[in-house]
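Only one structure is covered here, and it is reproduced in the block below.
The values are calculated or read from the model by the stated rules, or taken from the named source; none is laboratory data. Nothing here was measured: the structure is a model prediction, and the numbers come from that model. All Cβ positions, even for glycine, are placed from backbone atoms using ideal geometry, and neighbour counts span all protein chains on display.
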Amino acid sequence: MIADRKNDHVRLAAEQQRDTGVHSEFDDVSFVHHALAGIDRSAVTLNTSFGGIDWPVPLCVNAMTGGSVETGIINRDLAIAARETGVPIATGSMSAYFADESVADTFSVMRRENPDGFIMANVNATASVEQARRAIDLLRADALQIHLNAIQETVMPEGDRSFSDWGPGIARIVAGVGVPVIVKEVGFGLSRETIRRLGELGVRVADVAGRGGTNFARIENGRREHHDYAFLDGWGQSAAACLLDAQSSNLAVLASGGVRDPLDVVRGLALGASAGGVSGLFLKAVLDGGVPALISLISRWLDQIEALMTALGAATPADLGRCDVLIHGRLRAFCELRGIDIGRLANRSVSVPATSTHLGG
Ligand code: FNR
């Protein structure tokens, strides 16, 4: 049954990628253009460091799949593309492996194909410390992701209905594993209250995984007999809203959920993220065009992220946190309601001394 669910998720998520033209709150974030701000491309580095983690690039292939024959092939292809482009990569949830060890290879194929890359294992917050360690060992993982997905579980016909132990569960895992832990949502976003609580639980990195891209309320609703949860379609906060909400947080944050192009990555970095992550869009690329298509897409993104940083005068991803950004539309209304000072963001390039200070990092 888990294998069928994993195949359903891939099929339904890829179908969602056809939806275009929907307003993205990333479009509510624009840069003030400073015509003399540019630097030399040779001065720009994509390296990023946060919460005990060093990545060569501020972009990852975020958690998706594994647990069935078909998804094992997808993991192989994603891992090859990650190896060829140098981007960090995560597996999907490894619950299927805990339930049935015979699917181990559908996850470990990632390490086999990408022996030196940065790989993240992925578990849910109900995993035991022992399971989290097994997941890390299987992949020789460099970090562990724990996903929070209460809305997905709610709509999933066979989903969990008990969430109160998630916080203590996260604290146990953080204390019991030897790699950095990243806690992420799956497309509904993390509020600043949630991020603060994660800090209290010992977590140092939070991946907001906001609304606006892959929508697991819709995916799980599509798997329900009567499709009776359609009213949850717009649930959650966008990645841009989450990053603004997290401005005062002292955890490192990652920008994911609905990232559409290199400009969205750069917007996320300017809003304080240490890196961005993409799932559904990269999945569609590899399903449609195979490994070569995904390699060429990721390579182009990295090239264009570096190009934008050059024009914006940001020598490092963290330096983007000094660019002046304007917040418009629905995102501006969110900031007003949450008491977030967007005037400071619009005028910060002159007010910060030359040494780089990374917002939220
Ligand atoms: C996911 N995502 C996910 N996340 C996670 O932590 N564990 C998981 O097992 C999965 N499974 C999964 C399957 C598929 C097919 C997709 C497309 C996504 C969620 C993913 O990591 C990400 O948070 C969301 O998809 C939002 O990002 P995008 O897709 O809008 O870039």
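Rundown of residues vs (1) in a loop (DSSP other than H, G, I, E, B); (2) at pLDDT below 95; (3) among the acidic types (Asp, Glu); (4) within 13 Å of the ligand (Cβ to nearest atom), yes/no style:
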residue: Asp4; (1), (2), (3), (4): no, yes, yes, no
residue: Asp19; (1), (2), (3), (4): yes, yes, yes, yes
residue: Ser30; (1), (2), (3), (4): no, no, no, no
residue: Ala37; (1), (2), (3), (4): yes, no, no, no
residue: Ser42; (1), (2), (3), (4): no, no, no, no
residue: Ser49; (1), (2), (3), (4): no, no, no, no
Quick test for you: out of Val183, Val179, pick the one residue that is in a loop (DSSP other than H, G, I, E, B) and at pLDDT 95 or above. Val179
Determine whether segment 236-246 contains at least one residue that is surrounded by fewer than 24 Cβ atoms within 10 Å (Cβ to Cβ), of a type in the set (A, V, I, L, M) and either at pLDDT 95 or above or closer than 13 Å to Ala13 by Cβ (or both). no
I'm trying to understand the selection: among the residues of segment 159-212, which are basic (Lys, Arg) and within 13 Å of the ligand (Cβ to nearest atom)? Lys184, Arg211
One residue from Arg223, Arg267, Arg300 being more than 19 Å from Asn47 (Cβ to Cβ), of a type in the set (D, E, K, R) and buried (at least 24 other Cβ atoms within 10 Å of the Cβ): Arg267
Residue under evaluation Asn122, criteria (1) within 14 Å of the ligand (Cβ to nearest atom); (2) of a type outside the set (Gly, Ala, Ser); (3) more than 22 Å from Ile182 (Cα to Cα), criterion not met: (3)
For segment 207-227, indicate whether the set of residues that are within 16 Å of Gly52 (Cβ to Cβ) and touching a Gly at 6+ places or on another chain (Cβ under 9 Å) is non-empty. yes
Filter segment 232-267 down to the residues that are within 11 Å of the chain's Cα centre (by Cα) and among the small types (Gly, Ala, Ser) and list them by number. Ala239, Ala255, Ser256, Gly257, Gly258
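This table checks each residue for (1) away from the ligand (no atom under 16 Å from the Cβ); (2) among the basic types (Lys, Arg); (3) surrounded by fewer than 20 Cβ atoms within 10 Å (Cβ to Cβ).
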{"position": "Gly276", "(1), (2), (3)": "no, no, no"}
{"position": "Pro292", "(1), (2), (3)": "yes, no, yes"}
{"position": "Ala307", "(1), (2), (3)": "yes, no, yes"}
{"position": "Pro317", "(1), (2), (3)": "yes, no, no"}
{"position": "Leu326", "(1), (2), (3)": "yes, no, yes"}
{"position": "Arg332", "(1), (2), (3)": "yes, yes, yes"}
Which residue pairs have Cβ atoms closer than 8 Å, lie 6 or more positions apart in sequence or on different chains, and pair a first residue in segment 233-249 that is at negative phi and of a type in the set (A, V, I, L, M, F, W, C) with a second residue that is outside any helix (DSSP H, G or I) and surrounded by fewer than 19 Cβ atoms within 10 Å (Cβ to Cβ)? Cys242/Ser191
Enumeration of residues in segment 57-72 that are crowded, with 24+ Cβ neighbours inside 10 Å and away from the ligand (no atom under 12 Å from the Cβ): Pro58
What pairs come up if the first residue lies in segment 101-129 and is in contact (Cβ under 8 Å) with a residue 12 or more places away in the chain and outside any loop (DSSP other than H, G, I, E, B), the second is of a type in the set (Gly, Ala, Ser) and more than 16 Å from the ligand (Cβ to nearest atom), and their beta carbons are under 7 Å apart, counting only those six or more places apart or on different chains? Val129/Gly176
Of all residues in segment 256-270 being hydrophobic (A, V, I, L, M, F, W, C) and more than 10 Å from the ligand (Cβ to nearest atom), which is farthest from Arg197 (Cα to Cα)? Leu263
Out of the residues in segment 213-249 that are out of contact with any Lys or Arg (no Cβ under 9 Å at 6 or more places or on another chain) and assigned to a loop (DSSP other than H, G, I, E, B), which is nearest to the ligand (Cβ to nearest atom)? Thr214
Residues being outside any strand (DSSP E or B) and in contact with a Gly (Cβ under 9 Å, 6 or more places away or on another chain) - total across segment 76-100: 16
